[in-house]
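Accompanying notes for the structure given below.
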Amino acid sequence: MLTKLDLSGQLSYITGGSRGIGRACMETLAEAGSDIAFCSTTDQLRLDDVATEIEQKYSVACLGIQCDVREPEQVKLAYKRVNKRFGRLDVLVNNAGVMQTALLAMTSFESMREMMDINVNGALLNLQLASRLMARKQRGSIINISSIVGRVGSEGQVAYAASKAAILGATASAAKELAPMGIRVNAIAPGFIDTDLLMGFDAEAKKSVLKTIKMSRIGQPQDVANAALFLASDLSSYVTGEIIGVDGGMLV
Ligand code: NAP
């Protein structure tokens, strides 16, 4: 059974792998034996350092790519580099994202546009380019990182929730379209996970969210990475079009 979790010989690409949930997914998939490519907007020298760290820690190959998912040419170039170096793609963790919080009446159009550009258009382009590479081998697993607020909404997050709901629609549609090519597409909907994304929440706000979490703890990036490992691996070989909530019971 555990051999089904072994990702040796596979290549996983994680967008937004520099920190938070993406970093945890990257380390977890590397620990399972997968070679890794990842992107972020951080400068290339820093990404090279992270790649070396991953290679030494997990004895896998790792390529860090400076890429802003808002920029189509940079995204296309990233896939060219992945293809040139590894010649395959087995897993995409479509994770890069930003969250800006403001009441609807106070939300600027620039903020709406930025979240749509990164969280939706960037994710869609990655979904498209990844599926093309995966189609060559007629196999692959795409894991879109959505959010609990894409399912149930949240005050002060109309634009962010819209961007994350869009990912759920894309997941369902792509799962239907790509299943005949052996490509599975699923989403993870994290709840409240302890990363830089929550920097805007003060202690009081965190306390009030904590009250809504049945398991009485804030999630860790590793909690999300564990679900990503399941979806990346053959343990989930008959699972597609699903949304896995990783939220400590916020919806029950
Ligand atoms: P985070 O710690 O702020 O990490 C965000 C990651 O996305 C970073 O690696 C960042 O890299 C990258 N990124 C941001 N803009 C980018 C761009 N334009 N191009 C390429 N990379 C970009 O946040 P996180 O909590 O790990 O969030 C990861 C995903 O989980 C997001 O999609 C978020 O919406 C989702 N999520 C998080 C939570 C939560 O509670 N934390 C809950 C639900 C869903 P650089 O800054 O280095 O470019």
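Only the coordinates and a few stated rules stand behind these numbers; no lab work does. Predicted model, so just to flag it, every value in this text is computed and none were measured. Every residue, glycine among them, receives a Cβ derived from its backbone with ideal geometry; neighbour counts consider all protein chains shown.
Residue-level analysis places Gly33 outside the set of residues that are touching a residue at least 24 places away in the same chain (Cβ under 8 Å), in a loop (DSSP other than H, G, I, E, B) and buried (at least 24 other Cβ atoms within 10 Å of the Cβ). Inside the range 242-251, residues that are crowded, with 16+ Cβ neighbours inside 10 Å and either of a type in the set (Gly, Ala, Ser) or in a loop (DSSP other than H, G, I, E, B) (or both) make up a count of 4.
The condition of being under 23 Å from Leu127 (Cβ atoms), surrounded by fewer than 20 Cβ atoms within 10 Å (Cβ to Cβ) and either touching a helix residue (DSSP H, G or I) at 6+ places or on another chain (Cβ under 6 Å) or among the small types (Gly, Ala, Ser) (or both) does not hold for Gln74. Tally time: how many residues in the range 153-195 are out of contact with any Asp or Glu (no Cβ under 8 Å at 6 or more places or on another chain), farther than 29 Å from Gly140 by Cβ and touching a residue at least 24 places away in the same chain (Cβ under 8 Å)? Number of matching residues: 6. Within the range 152-160, can one find any residue that is more than 13 Å from the ligand (Cβ to nearest atom), over 14 Å from the mean Cα position of the chain (by Cα) and of a type in the set (Val, Ile, Thr)? The answer is yes, given that some residue of the range 152-160 is more than 13 Å from the ligand (Cβ to nearest atom), over 14 Å from the mean Cα position of the chain (by Cα) and of a type in the set (Val, Ile, Thr).
Candidates in the range 12-23 are the residues that are crowded, with 24+ Cβ neighbours inside 10 Å and either more than 10 Å from the chain's Cα centre (by Cα) or not small (Gly, Ala, Ser) (or both); of these, the one that is farthest from the ligand (Cβ to nearest atom) is Ser12. Looking at this structure, is Lys176 exposed (fewer than 14 other Cβ atoms within 10 Å of the Cβ), of a type outside the set (A, V, I, L, M, F, W, C) and closer than 18 Å to Ala135 by Cα? Taking the combined requirement at face value, the residue satisfies it. Within the range 207-227, the set of residues being in a helix (DSSP H, G or I) and within 11 Å of the ligand (Cβ to nearest atom) comprises Val209, Pro221, Asp223, Val224, Ala225. For the range 99-107, the condition holds for at least one residue, the condition being that it is of a type in the set (A, V, I, L, M, F, W, C), touching a residue at least 60 places away in the same chain (Cβ under 8 Å) and either loosely packed, with under 15 Cβ neighbours inside 10 Å or within 14 Å of the ligand (Cβ to nearest atom) (or both).
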